[in-house]
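Q: Starting off with a structure, shown below.
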Amino acid sequence: MKKLATLTLALLMLLSLANTAAAATTYSAGSYYTIDYADELNLDDVSYADESTDDYQWLFLLYNDTYLIDASLSRVTGYEGESLYNATQEERDAYVADTLDAYADDNAQLTRELTTVSGFPFYIFSLEGSDGAYYLAETIANGTSVSLYAYYADASKPLDQELLEKFTELLITLRPTEGT
């Protein structure tokens, strides 16, 4: 009987994982990259498009009643033509130090490093700005910062593991857009 219960539990867990994986929507941010995001999120890729300039490109906002994820691209002074995916460990460490220094006023801390399914390294920082706490995930590709920000809709809510995990689940899916 215990074997049957264990087998049933294992089967239910597999089905739950399959449903979780299936409960995602794929979005291509122009020709830049593609992500998969949870069906619980809404996509807005028009509201801030008019803020884009030659050096900054707003891409999209994913949101629900609880949290938001904002994505953009921008040129990075001092990193022209450089990419973190082919940087040495010393160069990556210098990037992290530069980022911590640039966001020192926001009490920046390196929270996590991750590599996406397509091999892009991202560094996730926790920060505390005038509008509340947020996570910044960033990589550099050919001198361009690929940045995603995650924060709670309630700006008074502190960062926590739950938001970090949801953010990480989205980031890990980031990959080049097919055909580009």
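Nothing in this text is a laboratory measurement; each read-out follows from the coordinates by a stated rule. Computed from a predicted structure; not experimentally measured. Positions of Cβ are generated from backbone atoms using ideal geometry, with glycine treated the same way; all protein chains shown enter the neighbour counts.
Q: For an R0 of 45 angstrom, estimate the FRET efficiency from the Cβ-Cβ distance between residue 89 and residue 54 and round to the nearest 0.05.
A: Working from the Cβ atoms, E equals 0.90.
Q: Quick one: net charge of residue 55's neighbours, Cβ under 14 Å, K/R +1, D/E -1?
A: Combined, the nearby Lys, Arg, Asp and Glu give -2.
Q: Could you run the Karplus curve 6.51 cos²θ - 1.76 cosθ + 1.60 with θ = phi - 60° over segment 30-39 and give me ³J(HN,Hα) per residue in whole Hz, x for Gly and Pro?
A: Once rounded to whole Hz, the list reads x, 9, 7, 6, 10, 9, 10, 10, 4, 4.
Q: In addition: What whole-number distance in Å separates the alpha-carbon centres of segment 81-97 and segment 127-180?
A: Distance between centres, Cα-based: 19 Å.
Q: Check which residues have an amide H placed less than 5 Å from residue 60's amide H, if you skip close sequence neighbours.
A: For residue 60, the qualifying residues are 71.
Q: OK, next. Considering the chain as a Gaussian network with a 10 Å cut-off on Cα pairs, which listed residue, 85, 48, 134, attains the greatest mean-square fluctuation?
A: Of 85, 48, 134, the most mobile in the Gaussian network model is 48.
Q: Given [x] 13.1; [y] 11.8; [z] 14.5 as candidate values of mean projected area of the Cα convex hull in nm², which corresponds to the one derived from the coordinates?
A: Read-out taken from this structure: [x].
Q: As an exercise, use a Förster radius of 35 Å and the Cβ-Cβ distance of residue 66 and residue 115 to find the FRET efficiency, rounded to the nearest 0.05.
A: Using R0 = 35 Å, I get an efficiency of 0.85.
Q: Can you tell which of 77, 139, 168 shows the greatest fluctuation in a Gaussian network model of the chain with Cα springs below 10 Å?
A: Answer for the Gaussian network model of the chain: 77.
Q: Now a separate question. Quick check for you: which residues of segment 42-60 have the amide N under 18 Å from the point 7 Å beyond the Cα of residue 31 toward its beta carbon?
A: Once the point is set 7 Å along Cα→Cβ of residue 31, 53-59 turn out to lie under 18 Å by backbone N, inside segment 42-60.
Q: Please give the helix 89-102 orientation as an angle from the longest Cα principal axis of the chain, in degrees from 0 to 90, rounded to the nearest 10.
A: Tilt of helix 89-102: around 80 degrees.
Q: What does a probe at residue 142 reach in segment 69-83, counting residues whose amide N is under 19 Å from the point 7 Å along Cα→Cβ?
A: Residues 72-83 fall inside that zone.
Q: If you plug each phi of segment 80-85 into the Karplus form 6.51 cos²θ - 1.76 cosθ + 1.60 with θ = phi - 60°, what whole-Hz ³J(HN,Hα) values come out, in order, with x for Gly and Pro?
A: 3, x, 9, 9, 6, 5
Q: Antiparallel DSSP bridges in the chain: what percent, to the nearest 5?
A: The answer is about 100 percent antiparallel.
Q: What angle, in degrees between 0 and 90 and rounded to the nearest 10, separates the Cα long axis of helix 161-171 from the longest principal axis of the Cα atoms of the chain?
A: 80 degrees
Q: Only four residue types carry charge here, +1 at the Cβ of Lys and Arg and -1 at the Cβ of Asp and Glu. Report the dipole size of the chain about the Cα centre in Debye, rounded to the nearest 20.
A: Roughly 1140 debye, rounded to the nearest 20.
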